[in-house]
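Asker: Input: one structure, supplied below.
The values are calculated or read from the model by the stated rules, or taken from the named source; none is laboratory data. Quick caveat: nothing in here was measured; it's all calculated off a predicted structure. Because the Cβ atoms are built from the backbone with ideal geometry, glycine has one as well, and the counts that use them run over all protein chains shown.
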Amino acid sequence: MTHFRSILVAIILIITLSLLLVPAMAQDGPPAGCTYVEKDGGFETGEAWEFAETSAPGFFDAAIAHSGKQSAFVGIAATAENQEVDTTIWQEMQLPAAETITLTAWMRSQAGDENDKRYVVIWDLEADESTVLLYEPALEQDWQESTLDLTAFAGKNILLVFGVHNDGAGEKAGMWVDDVHVTACGGDISIPPTATATPTQAPPTSTPTKAPPTATPGQPEPLTPPTATPLPPTPAFEPTRPPTATPTLKPEKTQTAVSTPKLPPPPTPEPPKRPEKGLPDNNALPLLAAIILSGIIAIAAITIKLR
């Protein structure tokens, strides 16, 4: 019976592991009828990606990753000096003439503020113009997946850009990016060769022609940073800093001396009176009589039993 139970437990464990592992293995490749356009979407080798050369360049971080051994970090590291700078990473790719093209990426942010931004930009190399797909405050958050539609760029040679803008004041913003997939489905999903030989060519330096879709009224349009060569276009801007508030000192409270009242000396305790010798208290007599009567009844019962 014990042997049968051990076999049954082993079978249940194998089935459970299979149910957990099969879906994870199925996610390694693209869906049926689709293809992945990007190269090294998990940043495991880093050979297909380029960091812009700035005063705060990005880097591959082996300490934090959504999956695999490392991710890409853009922004200002927590231990670095705060400054106004844009940090970007990009990859050049030729999109196929597919029916749908979707970008998915996992992103995590360290503590920034409302004036620090994180963004995703598509740069059309043929039209020499950029489209900002994501532009939002780089506030602290854990890993979250973002999904963006790239169908409008089907058949075009593009730069896929991830970036962070730091305004140099307040918190230092940074973003980790991992598990990036550009999935093309339907139609002609064959990937044509790229127009340029290597992805290290300096991107164009013209100003983006489309404002961020998430911009609010009164928000300045993103501009190309002055050091755009050899940087990809990034939506830099002049942040509006609130005036510094002057603290108002509160007057200190004046303590009023309080007189301590004099207490009278404690009374001298009288020594306890010794009880007078004699008969016990009347309250104890019924209890004593009950004890004696119980003893007599018990002795009588034992005597009767012995007879």
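Asker: If you scan segment 144-188, which residues turn out to be among the small types (Gly, Ala, Ser) and either part of a loop (DSSP other than H, G, I, E, B) or within 27 Å of Glu99 (Cβ to Cβ) (or both)?
Answerer: Listed by number, the residues that qualify are Ser146, Ala152, Ala154, Gly155, Gly168, Ala169, Gly170, Ala173, Ala184, Gly186, Gly187.
Asker: One residue is enough: does segment 108-120 have a residue meeting the conditions assigned to a loop (DSSP other than H, G, I, E, B), of a type in the set (A, V, I, L, M, F, W, C) and either at pLDDT below 95 or within 22 Å of Leu133 (Cβ to Cβ) (or both)?
Answerer: Yes.
Asker: Going through Ile101, Ile122 one at a time, which residue ends up being in contact with a helix residue (DSSP H, G or I) (Cβ under 7 Å, 6 or more places away or on another chain), buried (at least 19 other Cβ atoms within 10 Å of the Cβ) and free of Cβ contacts under 8 Å to residues at least 40 places away in the same chain?
Answerer: Of the residues listed, the single one that is in contact with a helix residue (DSSP H, G or I) (Cβ under 7 Å, 6 or more places away or on another chain), buried (at least 19 other Cβ atoms within 10 Å of the Cβ) and free of Cβ contacts under 8 Å to residues at least 40 places away in the same chain is Ile122.
Asker: Consider Pro212 carefully, then state whether it is at pLDDT below 50 and assigned to a loop (DSSP other than H, G, I, E, B).
Answerer: Criteria met by Pro212.
Asker: Report the residue count in segment 71-92 for those that are more than 16 Å from the chain's Cα centre (by Cα), not charged (D, E, K, R) and not in a strand (DSSP E or B).
Answerer: Number of matching residues: 5.
Asker: Are any of the residues in segment 93-105 under 22 Å from the mean Cα position of the chain (by Cα) and part of a loop (DSSP other than H, G, I, E, B)?
Answerer: So far as segment 93-105 goes, no, none of its residues is under 22 Å from the mean Cα position of the chain (by Cα) and part of a loop (DSSP other than H, G, I, E, B).
Asker: Would you call Gly68 surrounded by fewer than 21 Cβ atoms within 10 Å (Cβ to Cβ), touching a residue at least 60 places away in the same chain (Cβ under 8 Å) and either touching a helix residue (DSSP H, G or I) at 6+ places or on another chain (Cβ under 9 Å) or not in a strand (DSSP E or B) (or both)?
Answerer: yes
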